[in-house]
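Just so it is clear, none of the values below were taken in a lab; they were calculated from the coordinates. Everything numeric here is computed off the predicted structure, so don't read it as measured data. A quick note on method: Cβ atoms are made from the backbone with ideal geometry, for glycine too, and the neighbour counts reach across all protein chains shown.
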Amino acid sequence: MKNIATEKIFSLPKKDKKKRFIIGKKGKKNLLVIALNPSTADIDNHDPTTKNIEKIAKMNGFDGWTLFNLCPKRATHPSELEINPQKNLMNENLTFLNSFLHFNEFKITNVWVAWGNNIDKKNKEYFRESAFHMFGIFEKYNCEYLAVGINKTGKGNPTHPSPQAINQIYKSNNKPKLTKFDLKEYISKIKRIIKIEPEISINESMIK
């Protein structure tokens, strides 16, 4: 996944109504963001979440950002997702993430975790397992973890970057602040409550 950012806004696939693995904008200081699943944003248009991500990243000193998701399947509302048990989709998503961090063209050191409370709802086993395996990838590359504001929702999940979720924490005249998040402890709780399938096949040929 070398030389990924050849346009102002890049996306893989560039335009696919069913899935999106990655979208972002390269800067001098770049932030990796992990949300729940993609909605409508592509190379031509922001959606409310990507627009807010760019705004909050800039407020916290990052002029570039890249968004992955726990699930790459598009849905405006997570309740619309029918993904279990599409492990091939999870494998492909993890392979893209691993390749992105291996080549590290964006010099990523900070990961903003931002999937919100919907990780506990429909398809929760898929989402939680994806988060578990992503954490394993992040640890290989010595990433540091951030979340918005108070670090987590009332249910212990990192806050989603949608305008609605952010506005519940901040008033319009306050700047959302990214602070440290204990992802290791969060993932240890996931491991205790679900059965993690080890048979996730990351295509290592993409990083050779």
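Things to note:
- Pairs exceeding a 18 Å alpha-carbon distance, out of Lys107/Lys177; Lys73/Lys124; Lys51/Lys177: Lys107/Lys177.
- Distance between the pseudo-spin-label points of Lys175 and Lys8 (7 Å out from Cα toward the beta carbon): 2.4 nm.
- Most simply put, the chain has about 45% antiparallel DSSP beta bridges, counting only bridges with both residues inside it.
- Highest mobility in the GNM of the chain, judged by mean-square fluctuation with C-alpha springs under 10 Å and restricted to Glu144, Glu82, Glu92, is found for Glu82.
- With the charge dipole of the chain set up from +1 on Lys and Arg Cβ and -1 on Asp and Glu Cβ about the Cα centre, the Cα lying farthest toward the positive end among the listed residues Ala131, Gly64, Asn37 is that of Gly64.
- Relative protection proxy for 10-20, 130-140, from highest mean packing down: 130-140, 10-20 (other beta-carbon atoms within 10 angstrom).
- Magnitude of the charge dipole, the range 73-154, Cβ model with Lys/Arg +1 and Asp/Glu -1, debye to 20: 120 debye
- Evaluated on the chain, the Kirkwood hydrodynamic radius is 17.0 Å, with distances taken between all distinct Cα atoms.
- Unit charges on C-beta of K, R, D, E only; dipole of the range 10-207, Debye: 560 debye
- 17 Å cut-off, amide nitrogen to a point 7 angstrom out along Asn142 Cα→Cβ, residues in the range 81-122: 101-111
- Neighbour net charge for Ile53 - beta-carbon separation under 13 angstrom, K R +1, D E -1: +1
- Model label points for Lys28 and Glu125, set 7 angstrom from Cα along the Cα-to-Cβ axis, are 4.9 nm apart.
- When only Cα pairs below 8 angstrom with a gap of at least 6 residues are kept, the chain shows a relative contact order of 23 percent.
- Virtual spin-label span in nm between Lys58 and Glu82, 7 Å along Cα→Cβ: 4.0 nm
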